[in-house]
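Structure first, commentary second.
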Amino acid sequence: MPRRPAAGSPAARRLLASMTLPEKLGQLTMVGADWHADGPRLGPVARRAIEGGRAGSILGLWGREAVTDAQSLAREAQHGIGLLIGFDVLHGHRTIGPVPLAEAGAFDPELWAETARLAAAEAAADGVNLTFAPMLDVARDPRWGRMVEGSGEDPWTARAFAAAKIVGFQGQRLGWPGSVAATAKHFVAYGAVRAGRDYASADPSERELAEVYLPPFEEAVRAGAAAVMPAFIDVAGLPMTANKKLLRTILRDTWHFKGVIISDYKAIPELIAHGVASDLVDAAALALQAGVDIDMLGEAYERGLPEAIERGLVDMALVDQAVMRVLSLKEQLGLLAEPLRLPSPPPASESREIALRAACGSMVLLKDDTRLLPLRADHRIAVIGPLADDRLALTGPWAAAVRPDETASIAQALSSAFPNVVAPPASHDVEAALTAIRTADLTVLCLGETAEMSGEAASRADPGLPADQRALAEAVLAAGRPVVVVILCGRPLVAPWLFDAASTVLLAWFPGTMGGEAVARILSGAEDASGRLAVTWPRAVGQIPIFFGDRPSGRPSDPADRMTSRYLDCPVSPQFAFGHGLSRASAQLRALRIAPEGFRADGALRVEVDLVNESDIPGSTTVFIFLRDLVASVARPALMLCGARRCPLERHDRKTMVFELEASCFSLLGADLARRREPGEFEIVAGFSAAELCLRTQVTLSPEDLA
Ligand code: BGC
């Protein structure tokens, strides 16, 4: 058991030395706010806990008045230590942006950071100083509802997303004005839950853990994440909340994470249900031994640790180390001495402009076979479907501080943007829909998931469109009139019948406060849909998990050869590939070059891509750089992403894009799972998606490069 003295500043050490055990446990205890119709407030239990120094942080409290009240109570208590005010600001606070799965598809790290900065500024103005975001779980199973919270299936994307979000939330340093401390969650492999069922067990191989699930967290630590939250789940039988190997050996000892580990909601007492703890005392001891510093609403540290110490299950030094980590974070956030100063929120116009840009940049034009877009202003447009007027469906599952009246529904936004819109009351009613479309030149049909159909505890065995929506869509599409389908959702929806029947489909995801306006701008042609899929879109549930980075196998799929890796009753190809998305601008890749200097001393490689917009429509395109390791000591994925970026294009524009491929792209985990570089040939492939690979070149990593 570690007996190292707790590190920390002299002020924090003095504070620690003056605290009683209950006061120390108070710093390790997070209590919850009470929810009221007009927002959260401190309830009597939390109030008493703060007054008595038995709580050091609060979950789910925001609002200047409520937070000032809580912080004043804490300041008046013994030691006067301010509170961590933690809230799930996943994709916006008051101004909601597109959900992370959507925003990832913008492939624009500056935008990712900018929306996090905006969310932080709004949340900080409401007194929040700690967000439980970003969510960094790579997810390859659309049955899992929490796929919506992260950046999709690909580890390279997740790493880039992690770095941008941490810097966006935290600013230049912890305590930066208008910033919040960030929590990388849920450590780790939560996306691998069995059969996509939330909270279920995960059992990734050691290799998959190291290649796929751990890298985004390592990147978050490198970027300075203040906190990490272990996942609810067990990984190969070891619940993450008590997982010493991953929390201590990997996160703390190998990656040198110095921040705070915060349990998930009541996850410490849940160690009893996992079957690894016999009671609360045992559960508290296991979590503390594994390195969990803050107990989120579990009451386990407060109630269990005194006895655990008495029984000799945990050493006081462990308690002190945890308290010191909490005090250090608080010191950096200015909660130990400085008076509470809440920044002003950013101007609403600025927030709405950023949210609109993010929404437009995240929407994906999945199909436009008959070139219905842009819609003509003189057309009579019917806006129908159950989600046409659903404002909460636009803002998605993590939007607790949203003000719905600041969001225009799709029907409202289209009515403002086009002179001639009919929008009958939104419903599933087939007859009403058919009547509406007969009077119109064109129909916008709004389908998909409501906000509560995605997110936590929203796994779906059959993630398609609900049956009543299917009946409506089939009737409308069979009428043979022009229809644009707009889909709202938080995961790929398995609906091959829809993609067969509809000629034009815009995937809006859950686009946020400005989602209605963004749909209107894209349909009117004021803006090009520039999002791409950050996740492979299956055509059948039986294809799940499906992702582009699989290994080729010894019998790569060949539709003409039965004895290859394929299905008898379904193609192996997805409905839409990773990276798919149409643009009205027509970009072509013209050349792919490796920089003349070859591999640099640090092992990185620069490649350049020339592209041209052949149309007279301005817009943007997204270029993906994949790698293939042709021969290695272990079978490598058939394609590995090592660069991707959106590029704006003027009409008939020519551009050269430069990509720096990191040294780690050219290394692998050997049979012993140790990282190494092996000499040999790599193929570098530039394309517009994992299925639209346009240009290739080869590079050799020679023994001299490795010297
Ligand atoms: C979720 C976390 C979240 C926490 C606090 C839990 O149920 O798993 O992601 O941060 O609640 O709201």
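The values are calculated or read from the model by the stated rules, or taken from the named source; none is laboratory data. These numbers come from a predicted model, not from an experiment. Here Cβ is always computed from backbone atoms with ideal geometry, including for glycine, and neighbour counts include all displayed protein chains. Quick note on the areas: whole protein, heavy atoms, side chains included, nothing else; ligands and nucleic acids left out. Shrake-Rupley method; radii C 1.70, N 1.55, O 1.52, S 1.80 Å.
Just a few scattered comments:
- Cysteines in the chain that lack a partner Cβ within the 4.7 Å cut-off: C360, C446, C489, C570, C647, C694.
- Alpha-carbon Debye profile of the stretch 335-411, log10 I(q)/I(0) at 0.14, 0.15 Å⁻¹: -0.73, -0.81
- Hz values of 3J(HN,Hα) by residue in the stretch 28-45 - Karplus curve (6.51, -1.76, 1.60), Gly and Pro given as x: 9, 10, 10, 10, x, 7, 9, 8, 10, 4, 9, x, x, 9, 6, x, x, 5
- Here's the picture: charge each Lys and Arg Cβ at +1 and each Asp and Glu Cβ at -1 in the chain, and of F599, A74, A195 the one pushed furthest to the positive end of that dipole is F599.
- When you count the other C-beta atoms within 10 angstrom of each residue and take the mean per peptide, 678-688, 549-559, 295-305 line up highest first as 295-305, 678-688, 549-559.
- Peptides ranked, highest mean first, by Cβ atoms within 10 Å: ranges 212-220, 625-633, 284-292: 284-292, 212-220, 625-633
- Residues R654 and S344, FRET efficiency given R0 of 45 Å [Cβ-Cβ distance, rounded to 0.05]: 0.55
- Charges were assigned to the Cβ only: +1 to each Lys and Arg, -1 to each Asp and Glu. The resulting dipole of the chain about its Cα centre is roughly 820 debye.
- Between E208 and D369, the modelled label-to-label distance comes to 3.5 nm, taking each label 7 Å out from Cα in the direction of the beta carbon.
- Residues in the stretch 160-167 carry Karplus couplings, in order, of 5, 5, 4, 4, 5, 5, 4, 5 Hz; the curve used is 6.51 cos²θ - 1.76 cosθ + 1.60 with θ = phi - 60°, and Gly or Pro positions show x.
- Alpha-carbon centroids, the stretch 418-433 and the stretch 120-178: separation in whole Å: 37
- Built amide H within the under 5 Å cut-off of C446, gap 5+: I384, G385, L387, A388, V486
- Area of D108 that stays accessible when all protein chains are in place (1.4 Å probe, Å², to 10): 40
- Length gained on full extension, E681 to R311, computed as 0.36 nm times the residue gap minus the Cα-Cα distance: 127.3 nm.
- Whole-angstrom gap from the stretch 279-299 to the stretch 329-363, using each part's C-alpha centre: 32
- Residue-span extension gain [A674 to A707] - 0.36 nm each, minus C-alpha spacing: 10.1 nm
- If the convex hull is drawn through the Cα atoms of the stretch 193-303, its volume per residue in Å³: 94
- Our Cα-only numbers for the chain put the radius of gyration and Dmax at 26.0, 79 Å.
- Cβ crowding within 10 Å averaged over residues, with 246-254, 641-649, 563-571 ranked highest first: 641-649, 246-254, 563-571
- Of K266/K367; K165/K266; K258/K655, those spanning more than 32 Å from alpha-carbon to alpha-carbon: K266/K367; K258/K655
- As a length-normalised measure over Cα pairs under 8 Å and 6 or more apart, the relative contact order of the stretch 39-85 settles at 43 percent.
- Each Lys and Arg adds +1 at its Cβ and each Asp and Glu adds -1 at its Cβ; summed about the Cα centre, the stretch 400-542 shows a dipole of about 280 debye.
- Beta bridges per DSSP with both ends in the chain, % antiparallel, nearest 5: 60
- Using Cβ point charges alone (K and R +1, D and E -1), the dipole size of the stretch 458-598 about the Cα centre works out to roughly 220 debye.
- Farthest positive-ward along the chain dipole, Cα basis, beta-carbon charges - from L445, F169, L280: F169
- Residues of the stretch 665-707 with amide N under 19 Å of the 7 Å Cα→Cβ point at S633: 665-682, 701-707
- Degrees between helix 300-310 axis and first principal axis of the chain (Cα, 0 to 90, nearest 10): 40
- Counting only alpha carbon atoms, the long axis of helix 109-125 and the longest principal axis of the chain meet at about 50°.
- Phi angles of the stretch 546-556 translate, via the Karplus equation with coefficients 6.51, -1.76, 1.60 and θ = phi - 60°, into HN-Hα couplings of 10, 7, 6, x, 7, 7, x, 6, x, 10, x Hz per residue; Gly and Pro are given as x.
- Taken as Cα centroids, the stretch 10-78 and the stretch 656-702 sit 50 Å apart, rounded to the nearest whole angstrom.
- Selection from G670, L271, P230, by position along the positive dipole direction of the chain (Cβ): G670
- Close amide H contacts of T622 (hydrogens built in the peptide plane, cut-off under 5 Å, sequence separation of 5 or more or a different chain): C647.
- Residue-normalised accessible area of the stretch 502-655, expressed per residue, 1.4 Å probe, Å²: 41
- Amide N of the stretch 445-488 lying under 16 Å from the label point, which is placed 7 angstrom from the Cα of D500 along Cα→Cβ: 465, 470-471, 473-479
- Zone residues, the stretch 369-395, relative to E692, backbone N less than 20 Å from point 7 Å out along Cα-to-Cβ: 369-375
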